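Enquirer: One structure is given below, represented as structure tokens, and several questions about it will come after.
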Amino acid sequence: MPFTPFHMGPGLAVKAMLGRRFSILSFGLAQVAIDIEPGLGMLRGAERLHGWTHTYLGATLIAIAVTFLAAPVCLWILRRWNAELRHHGLYSLTTPDAFAPGSIGLGAFIGTYSHVALDSLMHSDMRPLAPFTFSNVLLGAVSIPHLHVVCVVAGLAGIAWWGLAARARKRGDSA
Ligand SMILES: [Zn+2]
């Protein structure tokens, strides 16, 4: 489906768990990149929206492309974000102005794979394992409202954890 905030929920939870080893920026860019195909399909009024991009094979190719193309974009956003935080005196929320090795790739791959998994639960035109099989065993495994609640809770838990970790860091600095 075209990119929604729900897709970011699991990413925020993973960010809370993995910290600097995982780039939430490349995760987000991967969400946008993978939904270009259904977005264009909607504009064209296409009958089937989720084609090759919403297969695990397509997700692998998109993650590779995002890993190589997103680094300068992510770096620019990160530096701007840090500059903005410093401007407002929020030093405890800043992170180093560089990415940990592998973090952009990890964000991109978890981004596209989790996207295909989530969309597989919702969309009847999905063929996530194509070209090996055209069935979608995950379709309808969880109701859409439940899925949205899980994504929102995961996102809020991730943000809360991130905030607590930043506060703990601040206390550590001032101790
Ligand atoms: Zn999608």
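The values are calculated or read from the model by the stated rules, or taken from the named source; none is laboratory data. Fair warning: this is a prediction, and the values are worked out from it, not measured in the lab. A quick note on method: Cβ atoms are made from the backbone with ideal geometry, for glycine too, and the neighbour counts reach across all protein chains shown. We work out accessible area using only protein heavy atoms, side chains counted, and drop any ligands, DNA or RNA first. Shrake-Rupley method; radii C 1.70, N 1.55, O 1.52, S 1.80 Å.
Enquirer: Determine, yes or no, whether Gly140 is open to solvent by less than 30 Å² (accessible area, probe 1.4 Å) and modelled with pLDDT under 90. Walk me through it before giving the result.
Expert: Details: open to solvent by less than 30 Å² (accessible area, probe 1.4 Å): no; modelled with pLDDT under 90: yes.
In short, no.
Enquirer: Does Thr60 satisfy being in contact (Cβ under 8 Å) with a residue 12 or more places away in the chain, within 16 Å of the ligand (Cβ to nearest atom), surrounded by 12 or more Cβ atoms within 10 Å (Cβ to Cβ) and within 20 Å of Ser26 (Cβ to Cβ)? Give the steps one after another, and end with the answer.
Expert: Working: in contact (Cβ under 8 Å) with a residue 12 or more places away in the chain: yes; within 16 Å of the ligand (Cβ to nearest atom): yes; surrounded by 12 or more Cβ atoms within 10 Å (Cβ to Cβ): yes; within 20 Å of Ser26 (Cβ to Cβ): yes.
Spelling it out, Thr60 is indeed in contact (Cβ under 8 Å) with a residue 12 or more places away in the chain, within 16 Å of the ligand (Cβ to nearest atom), surrounded by 12 or more Cβ atoms within 10 Å (Cβ to Cβ) and within 20 Å of Ser26 (Cβ to Cβ).
Enquirer: As an exercise: evaluate Leu90 against (1) out of contact with any Asp or Glu (no Cβ under 9 Å at 6 or more places or on another chain); (2) within 30 Å of Val73 (Cα to Cα) and give the number of the one condition it does not meet.
Expert: Result: Leu90 fails condition (1) only.
Enquirer: Filter the range 94-109 down to the residues that are loosely packed, with under 15 Cβ neighbours inside 10 Å and touching a residue at least 12 places away in the same chain (Cβ under 8 Å), then identify the one that is farthest from Ala168 (Cα to Cα).
Expert: First pass over the range 94-109, keeping only residues loosely packed, with under 15 Cβ neighbours inside 10 Å: 95-98, 101-102.
Subset that is touching a residue at least 12 places away in the same chain (Cβ under 8 Å): 95-98, 102.
Values: Thr95: 14, Pro96: 17, Asp97: 20, Ala98: 22, Gly102: 26 Å.
So, considering only residues that are loosely packed, with under 15 Cβ neighbours inside 10 Å and touching a residue at least 12 places away in the same chain (Cβ under 8 Å), the one farthest from Ala168 (Cα to Cα) is Gly102.
Enquirer: Which of the helices (runs of 4 or more DSSP H) contained wholly in the range 17-133 include at least 3 residues that are of a type in the set (Val, Ile, Thr)? Please lay out each step first, then the result.
Expert: Numbers: elements: 24-34, 36-44, 56-87, 103-120.
In the range 17-133, the matching helices (runs of 4 or more DSSP H) lie at 24-34, 56-87, 103-120.
Enquirer: On to the next question. Just checking, does the range 12-30 include any residue being at pLDDT 95 or above and within 12 Å of the ligand (Cβ to nearest atom)?
Expert: The answer is yes, given that some residue of the range 12-30 is at pLDDT 95 or above and within 12 Å of the ligand (Cβ to nearest atom).
Enquirer: Please name all residue pairs, on different chains or six or more residues apart, with Cβ atoms under 6 Å, provided the first residue is in the range 70-93 and is under 20 Å from Ala165 (Cβ atoms) and the second residue is of a type in the set (Gly, Ala, Ser).
Expert: Ser92/Ala166; Leu93/Ala166
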